[in-house]
Amino acid sequence: MDTQPLRVVIRVCVADIPGNRLARSHRLGRDFCSEVLGRELKEQHAGGFDYVHILPNFDSTNPVKAWFLFDFNATEQVDKSQLSGTIPHRVYHATRLDDSWIFTPRDHWIDTARKYCLMYTWGGK
């Protein structure tokens, strides 16, 4: 399992996330971990902990697009300059095809996402 810190931002239509709308953030995080990182979403693990941020519109009853933010392998608090400069960021557009996810990297969104996400504390602490 990779234990390097990683911030992931995912853009998705909330209606595509199966299950209870109040559990969408965790469901998407679990599915992303399973399909892309090859591991489980864990609150605590040997490499630190994973944190699921709760962003606006995650629970919308309308089929709107929303951003979802995840911090993987957090071990300690980092300030904004460290977060911006040393923690890798990945951005994906997620879509569903039947019962499967397609997580498409969107590297051209990384700089914008990195700046926007600075308002969210690394690891939620």
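The values are calculated or read from the model by the stated rules, or taken from the named source; none is laboratory data. These numbers were taken from a predicted model, which means no experiment stands behind them. Every residue, glycine as well, gets a Cβ built from its backbone with ideal geometry; the counts of neighbours run over all protein chains shown. What goes into the accessible areas is simple: the full protein's heavy atoms, side chains included, and nothing from ligands, DNA or RNA. Shrake-Rupley method; radii C 1.70, N 1.55, O 1.52, S 1.80 Å.
Charged neighbours of residue 24, selected by a Cβ distance under 15 Å, balance to +3 (K, R count +1; D, E count -1).
Calculate log10 I(q)/I(0) of the range 61-125 for q = 0.24 Å⁻¹, where I(q) comes from the Debye formula with a single equal point scatterer on each Cα and nothing for solvent. The computed values of log10 I(q)/I(0) come out as -1.11. Sparsely packed loop sites in the range 16-125 (the GluC sites (Glu not before Pro) outside DSSP H, G, I, E and B with at most 15 other Cβ atoms within 10 Å) comprise 40, 43, 76.
Ranked by the mean number of other Cβ atoms within 10 Å of their residues, highest first, the peptides 96-105, 25-34, 53-62, 115-124 come out as 25-34, 115-124, 53-62, 96-105. The label point for residue 3 and the one for residue 55, both projected 7 Å from the Cα toward the Cβ, are 2.9 nm apart. Gain on full extension, evaluated as 0.36 nm per residue between residue 79 and residue 121 minus their Cα-Cα distance, stands at 14.3 nm. The heavy atoms of residue 125 offer some 150 square angstrom of accessible surface to a 1.4 angstrom probe.
Would you please classify the overall shape of the range 33-97 from the alpha carbon gyration tensor, given that a ≥ b ≥ c denote the square roots of the eigenvalues, rounded means a/c under 1.5, and beyond that prolate means a/b larger than b/c while oblate covers the rest? Prolate shape, in that a/c is at least 1.5 and a/b is the bigger ratio.
Within the chain, what whole-number % of the accessible surface is contributed by carbon and sulfur, with the 1.4 Å probe and all protein chains included in the calculation?
48
Under the convention that each Lys and Arg Cβ holds +1 and each Asp and Glu Cβ holds -1, the size of the dipole of the chain around its Cα centre is about 320 debye. Once the Cα-Cα distance is subtracted from the 0.36 nm per residue extended length, the residue 21 to residue 99 segment shows a gain of 26.4 nm. Counting only DSSP beta bridges whose two residues both lie in the chain, roughly 75 percent are antiparallel. The residues of the chain expose on average 56 square angstrom of accessible surface per residue, using a 1.4 Å probe on protein heavy atoms. Per residue, the chain reaches -5000 deg cm²/dmol at 222 nm when only DSSP H runs of four or more residues are counted, each adding -39500 (n - 2.57).
What translational D, rounded to a whole number of µm²/s, comes out for the chain from Stokes-Einstein when the hydrodynamic radius is the Kirkwood one over Cα pairs, at 10 °C and 1.306 mPa s? In µm²/s, the coefficient rounds to 108.
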